[in-house]
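Visitor: I'd like to ask you about the structure that follows.
What follows is calculated from the coordinates using simple rules that are stated; it is not laboratory data. As the structure is a computational prediction, the values presented were derived from the model and not from experiment. We place every Cβ from the backbone using ideal geometry, glycine too, and count neighbours over all the protein chains shown.
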Amino acid sequence: MAKYHELTIEYSPTKFIHYNAAKIFVYIDEEETFSELKPDLISAFKLRFAKLEFDNDVEPTYLFLSNAQIYFLNEQAKIIINEKPTLYKVDKNVQRDKEKDELKEIYSELRAIQSSEFISISSLQATEYEMRKRELYIKEKIYTHKLVQRSSNA
């Protein structure tokens, strides 16, 4: 059973979102599943996607953690992000089929990027590839989890 933690999402030195009680789960790509956030997960895996459950909210909220720093001590968790966070919810009305062309394009572009990584490329190209991979990863998660953007309370 997951425990509630105090959570702060900081997106500038003076701006943050604070939750008194949140269950925090992170998506582990290697296992393709959500696991409760624990200190050993922070260092063991590259965490890019989180699910937050609040005691007063029926549906979980989702947050992308790309380029985020996560600190976890006792009952307090802190996520530092470089930009204002975009929070997502599942929209059960969205009907999506995994075989649609949009998702196929995302996967084929990701395969092309990953195969080109083994060819000698410049550091600028490598940075561009990483940024594009991040963008495609986010698109794929939004698409497959049927997520829609919700305004944050900040």
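Visitor: Give me the extension gain from Asn67 to Leu110: residue separation times 0.36 nm, minus the current Cα-Cα distance, reported in nm with one decimal. Can you show the working numbers first?
Guide: Working: separation 43, 0.36 × 43 = 15.48 nm, distance 1.90 nm.
Additional length available on full extension: 13.6 nm.
Visitor: With runs of 4+ DSSP H residues as the only contributors, calculate the mean residue ellipticity of the chain at 222 nm using -39,500 (n - 2.57) per run, divided by the residue total and rounded to the nearest 500.
Guide: Values: 3 runs with 44 residues, N = 154.
Rounded to the nearest 500, the figure is -9500 deg cm²/dmol.
Visitor: So if R0 is 35 Å, what FRET efficiency would Arg150 and Ser120 give, r being the distance between their Cβ atoms, rounded to the nearest 0.05? Intermediate results must be reported in sequence, preceding the final value.
Guide: Values: r = 43 Å, r/R0 = 1.23.
With R0 = 35 Å, the Cβ-Cβ based efficiency is 0.20.
Visitor: Here is a follow-up. Given R₀ = 22 Å, FRET efficiency for Tyr129-Glu83 by Cβ-Cβ distance, to 0.05? Write down the numbers at each step before the final one.
Guide: Numbers: r = 21 Å, r/R0 = 0.94.
After rounding to 0.05, the efficiency reads 0.60.
Visitor: Find which of Tyr107, Ile24, Leu37 sits farthest along the positive direction of the dipole of the chain, computed with +1 on the beta-carbon of Lys and Arg, -1 on that of Asp and Glu, about the Cα centre.
Guide: Toward the positive end, the furthest listed residue is Ile24.
Visitor: Once the other residues with Cβ under 11 Å from the Cβ of Ser12 are scored (Lys, Arg +1; Asp, Glu -1), what is the net sum? Each step should come with its number before you reach the end.
Guide: Working: positive: Lys15, Lys84; negative: Glu10, Glu83.
So the surrounding residues net to 0.
Visitor: Straight-line reach from Lys133: which lysines have a Cα under 25 Å away, not including same-chain ones fewer than 8 places off?
Guide: Straight-line reach from Lys133, under 25 Å: Lys46, Lys51, Lys84, Lys89, Lys98, Lys100, Lys104, Lys141, Lys146.
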